[in-house]
Amino acid sequence: MTRFCSKENKHQYAEKQTGFTLIELLIVIAVVAILAQIGFASYVTAVQKSYRYEVQQSMIELSQQLERYYSRQGNYSGSSATASNFSTDYYTVSFSELEDDKYTISASPISSTSQSNDSCGTLTFDYLGKKTPTTSGCWK
């Protein structure tokens, strides 16, 4: 039995078609792209915070070694603790000041890493336990 294409058959065929239009697909792609961009920015921020936390822990550990030495020897300057041993892949830890009765430790982001774009910058930590960030609100 052969069917002829009549107006009724065309109308029935058009109603049965399913799928997405090009506009609908473009809207979905745009929404997904926006969500991915927001998610990636949040991820980068979380990773930078974790690297800051890691170097803070290294600085505290270095400070503890210096305090142990000071309690035994009465000065900081003779300590065998070296700041370079506490550097991480993303921060360089160094002594800004190391004298008999005081010290200051600094952590600076390494320029060739993702932390170089971090707005928090350098953190200094002294013998009194005072943290001094270059940007307020960072390094919590």
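The values are calculated or read from the model by the stated rules, or taken from the named source; none is laboratory data. Values in this document were obtained by computation on a predicted structure and should not be read as measured data. Because the Cβ atoms are built from the backbone with ideal geometry, glycine has one as well, and the counts that use them run over all protein chains shown.
Data for the structure
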{"quantity": "Per-region count, the range 114-129, residues modelled with pLDDT of 90 or more and more than 12 Å from GLN56 (Cα to Cα)", "calculated": "3"}
{"quantity": "Set GLU61, GLU97: member being charged (D, E, K, R) and either part of a helix (DSSP H, G or I) or modelled with pLDDT of 90 or more (or both)", "calculated": "GLU61"}
{"quantity": "Single condition LYS130 does not satisfy, out of (1) touching a strand residue (DSSP E or B) at 6+ places or on another chain (Cβ under 9 Å); (2) under 18 Å from VAL47 (Cα atoms); (3) surrounded by fewer than 15 Cβ atoms within 10 Å (Cβ to Cβ)", "calculated": "(2)"}
{"quantity": "Every residue from the range 46-59 that is surrounded by fewer than 15 Cβ atoms within 10 Å (Cβ to Cβ) and in contact (Cβ under 8 Å) with a residue 60 or more places away in the chain", "calculated": "VAL47"}
{"quantity": "Residue in the range 75-88 that is touching a residue at least 40 places away in the same chain (Cβ under 8 Å), in a loop (DSSP other than H, G, I, E, B) and either of a type outside the set (A, V, I, L, M, F, W, C) or in contact with a Cys (Cβ under 7 Å, 6 or more places away or on another chain) (or both) present", "calculated": "yes"}
{"quantity": "Leading residue by the ranking (farthest from the chain's Cα centre (by Cα)) among those in the range 39-74 that are within 15 Å of ASP126 (Cα to Cα) and of a type in the set (Gly, Ala, Ser)", "calculated": "SER63"}
{"quantity": "Restricting the range 104-137 to residues that are under 25 Å from GLY74 (Cβ atoms) and without any contact (Cβ under 8 Å) to a residue 40 or more places away in the chain, the residue that is farthest from the chain's Cα centre (by Cα)", "calculated": "LEU128"}
{"quantity": "Residue check, TYR103 buried (at least 18 other Cβ atoms within 10 Å of the Cβ) and within 19 Å of SER50 (Cα to Cα)", "calculated": "no"}
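Conditions (1) modelled with pLDDT of 90 or more; (2) farther than 30 Å from SER114 by Cα; (3) part of a helix (DSSP H, G or I), marked per residue:
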site	(1), (2), (3)
MET1	no, yes, no
PHE20	no, yes, no
ILE23	yes, yes, yes
LEU26	yes, yes, yes
ALA30	yes, no, yes
PHE40	yes, no, yes
LYS49	yes, no, yes
ARG52	yes, no, yes
GLN57	yes, no, yes
